[in-house]
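*Asks:* Quick one: the structure is below, and I'll ask about it shortly.
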Amino acid sequence: MHRVIYDFDNTMGLSGKDVDDGLTLLYLLGCDNVVLEGVTLTHGNGSIKEVYDNTVRMFNALGIKDVPFYKGNDIICDKVSDAAIYLADMARKHKGEITLLATGSMTNLYEAYLYDNEFYKNIKNIVIMGG
């Protein structure tokens, strides 16, 4: 089993926006060998508000209740986001077990490192995809 946290900028279903992140989420949910520990939201395909509102809508429409999600910041700022704290805490709690899939901006990853400079050492794998 692969323990995965998905860091994404989900705009699937929004007019004129990319669908790749939403499709990846659906794929991960359907994989028998993946435990989706949570998702963290970042900006990129849209603002963090668009990504957050869209992800809430998507989770509600699909009845996803067992996957926690955490909101990141639109830009790097003085306050470390809930998403970054979740990433760092999960990496520390499950040291060497978490694969992080990141398909949006890298803001949450950077802030997770600022919050805990051992963050990258605690992650098993990081897969970064983007265009």
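*Asks:* Of these, 59, 8, which one is in contact with a Gly (Cβ under 6 Å, 6 or more places away or on another chain) and open to solvent by less than 70 Å² (accessible area, probe 1.4 Å)? Talk me through it step by step, then tell me what you get.
*Replies:* Numbers: 59 fails: in contact with a Gly (Cβ under 6 Å, 6 or more places away or on another chain).
Exactly one of 59, 8 is in contact with a Gly (Cβ under 6 Å, 6 or more places away or on another chain) and open to solvent by less than 70 Å² (accessible area, probe 1.4 Å), namely 8.
*Asks:* Then there is this: Inside the range 45-61, can you point out the residues that are among the polar types (S, T, N, Q) and closer than 15 Å to residue 21 by Cα?
*Replies:* Within the range 45-61, 45, 47, 54, 55 qualify.
*Asks:* Contact list please: Cβ distance under 7 Å, first residue in the range 77-92 and on the phi < 0 side of the Ramachandran plot, second residue open to solvent by 60 Å² or more (accessible area, probe 1.4 Å) and assigned to a helix (DSSP H, G or I), pairs at least six apart or on different chains.
*Replies:* The qualifying pairs are 80/114; 80/115; 84/115; 85/115; 88/115.
*Asks:* OK, next. Restricting to the range 62-84, and then to whatever is open to solvent by 90 Å² or more (accessible area, probe 1.4 Å) and among the hydrophobic types (A, V, I, L, M, F, W, C), can you tell me which residue is farthest from residue 21 (Cα to Cα)?
*Replies:* Only one residue tops the list, namely 76.
*Asks:* Another question, if that's okay. For the range 47-73, enumerate the residues that are out of contact with any Lys or Arg (no Cβ under 8 Å at 6 or more places or on another chain), farther than 12 Å from residue 10 by Cα and part of a loop (DSSP other than H, G, I, E, B).
*Replies:* 63, 64, 65, 66, 67, 68, 72 - these are the residues of the range 47-73 that are out of contact with any Lys or Arg (no Cβ under 8 Å at 6 or more places or on another chain), farther than 12 Å from residue 10 by Cα and part of a loop (DSSP other than H, G, I, E, B).
*Asks:* Also: Can you tell which of 104, 44, 96 is open to solvent by less than 70 Å² (accessible area, probe 1.4 Å), of a type in the set (Gly, Ala, Ser), modelled with pLDDT of 95 or more and part of a loop (DSSP other than H, G, I, E, B)?
*Replies:* The conditions single out 96.
*Asks:* Of all residues in the range 1-19 being in contact (Cβ under 8 Å) with a residue 60 or more places away in the chain and of a type in the set (A, V, I, L, M, F, W, C), which is farthest from residue 90 (Cα to Cα)?
*Replies:* Result: 8.
The values are calculated or read from the model by the stated rules, or taken from the named source; none is laboratory data. Every value quoted in this text rests on a predicted model; they were computed, and no experiment measured them. Positions of Cβ are backbone-derived with ideal geometry, glycine not excepted, and every protein chain shown enters the neighbour counts. SASA here: full protein model, heavy atoms, side chains in, ligands and nucleic acids out. Shrake-Rupley method; radii C 1.70, N 1.55, O 1.52, S 1.80 Å.
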